[in-house]
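*Asks:* Okay, handing you the structure first.
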Amino acid sequence: MNRTRLMTTMAVFVAIGTIGSQLLWFPAGVAKAYPVQHAVNVMAAVTLGPGPAVVIAFMIGLVRNMLGLGTLLAFPGGMIGAFLAGTLYKKTGKKGMAALGEGIGTGVLGALASAPIANLLMGSSAGALFFLPSFLVSSVSGACIGWLVVAKVNQRKLSLEN
């Protein structure tokens, strides 16, 4: 994929993740679930790989925070999930593994990484497992949506990789 097409595709994913987060969300325990972010992580991981997926997750978190629509917790969850989704897909070539990577990366590892960030930067006294239920609900639901989208795109021979 040439550089211009890569950057354009990444920008589209950032726009979808940013706008989609405001259009589709639901309450999940102590937080809100934003499944579009996680769906974008899976789609970017499968179509572009782990590096660009992490950059996209970072940019979505950055834009949402700059607009006052997100929290600092979007960074560890989104970026770890995107990295693990991209890495597992790259190693196995299976879209389901990208979804699993997103669920584990954001739902478990991102939730655990968020506790110290919340304590240090947000003044929260939440424990290590506090974010786990909310992050799991959000990431697993979004990962399933992302997996369904990439499965349908491939099924219809509409490859984003060309």
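*Asks:* How about region 1-35: which of its residues are under 16 Å from residue 65 (Cβ atoms), touching a residue at least 24 places away in the same chain (Cβ under 8 Å) and in a helix (DSSP H, G or I)?
*Replies:* Result: 14, 17, 18, 21, 22.
*Asks:* Given 62, 67, 48, 73, which one is in contact with a Ser or Thr (Cβ under 9 Å, 6 or more places away or on another chain) and under 21 Å from residue 134 (Cα atoms)?
*Replies:* Testing whether each residue is in contact with a Ser or Thr (Cβ under 9 Å, 6 or more places away or on another chain) and under 21 Å from residue 134 (Cα atoms) leaves just 73.
*Asks:* Being within 26 Å of residue 94 (Cβ to Cβ) and surrounded by fewer than 16 Cβ atoms within 10 Å (Cβ to Cβ) is the filter here, so list the residues in region 50-72 that pass it.
*Replies:* The one that is within 26 Å of residue 94 (Cβ to Cβ) and surrounded by fewer than 16 Cβ atoms within 10 Å (Cβ to Cβ): 51.
*Asks:* Sticking with this structure for a sec: Select from region 117-130 the residues that are touching a helix residue (DSSP H, G or I) at 6+ places or on another chain (Cβ under 9 Å) and farther than 22 Å from residue 56 by Cβ and write down the one among them that is surrounded by the most Cβ atoms within 10 Å (Cβ to Cβ).
*Replies:* Applying the filter and picking the extreme gives 130.
*Asks:* So, in region 73-109, of the ones that are under 14 Å from residue 137 (Cα atoms), β-branched (Val, Ile, Thr) and without any contact (Cβ under 8 Å) to a residue 40 or more places away in the chain, which residue ends up surrounded by the fewest Cβ atoms within 10 Å (Cβ to Cβ)?
*Replies:* My answer is 108.
*Asks:* Across region 1-46, what is the total count of residues that are modelled with pLDDT under 95 and in contact with an Asp or Glu (Cβ under 9 Å, 6 or more places away or on another chain)?
*Replies:* So the count comes out to 1.
*Asks:* Kindly state which helices (runs of 4 or more DSSP H) lie completely within region 50-162 and contain at least 2 residues that are at pLDDT 95 or above.
*Replies:* So the answer is 50-66, 74-92, 95-104, 132-155.
*Asks:* Continuing with this model, one more query. Identify, from the list 140, 153, the residue that is surrounded by fewer than 21 Cβ atoms within 10 Å (Cβ to Cβ), closer than 15 Å to residue 35 by Cβ, in contact with a helix residue (DSSP H, G or I) (Cβ under 9 Å, 6 or more places away or on another chain) and not basic (Lys, Arg).
*Replies:* 140
*Asks:* Condition (residue is of a type outside the set (A, V, I, L, M, F, W, C) and under 17 Å from residue 16 (Cα atoms)) applied to region 111-121: is it met by at least one residue?
*Replies:* no
The values are calculated or read from the model by the stated rules, or taken from the named source; none is laboratory data. All values reported here derive from a predicted model rather than from experimental measurement. Neighbour counts are summed over all protein chains in view; Cβ atoms, including those assigned to glycine, are modelled from backbone coordinates with ideal geometry.
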